[in-house]
């Protein structure tokens, strides 16, 4: 069965919004981890906000230093979760999902393929965690206090136990932490 993974840039104080404002260095360790995550996936999950922010940029990106990622994101099947959008036809390989998060994710997990991964989309990541649909959470914790912005977890988030399965520090001090959901087998 395929797994669902989320990778997010996050500040020490939990902010995931606008990492370009507080991410001061993108070093080779981060690049290697991002490339490995990208190579392991073949399906992308997007929330409405990320879809709308990324559409005008990535769907038309054809040259430059990020062309490899543009080629990947444009050619990979994307499932966009939204209750307000009516279409996602503007970006090739995109499918609109208006409801049924658990049904859609469980059906995708049963199909052959590689990892199913989110791109940004912290609200979607919270929903995946709440519904116990997320198998792996990868956080790139930046040594910065953003101070303000959307946080990954809200004050009213339910208790969710995670099991640390990998950690590494990059040259610039970013901690790459990989968690999986805590299961009863972890207690044994």
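Read the figures in this text as sums done on the coordinates, not as results from a lab. Note that the structure is a prediction, hence the values are computed from the model and not measured. Positions of Cβ are backbone-derived with ideal geometry, glycine not excepted, and every protein chain shown enters the neighbour counts.
Can you sort 154, 59 by how many other beta carbons sit within 10 Å, fewest first?
Fewest-to-most Cβ neighbours within 10 Å comes out as 154, 59.
Remark: 51, 69, 57, 179 ranked as 57, 69, 179, 51, counting other beta-carbon atoms within 10 Å and listing the fewest first. DSSP bridge analysis restricted to region 4-187 gives an antiparallel fraction near 40%, rounded to the nearest 5. The per residue volume of the convex hull around the alpha-carbon atoms of the chain is 131 Å³. Taking each residue as 0.36 nm, the span from residue 83 to residue 55 lengthens on full extension beyond its C-alpha to C-alpha distance by 8.3 nm. The alpha carbon centroids of region 89-107 and region 24-38 are separated by 27 Å. With neighbour counts taken as other beta-carbon atoms within 10 Å, the residues 25, 42 rank, fewest first, as 25, 42.
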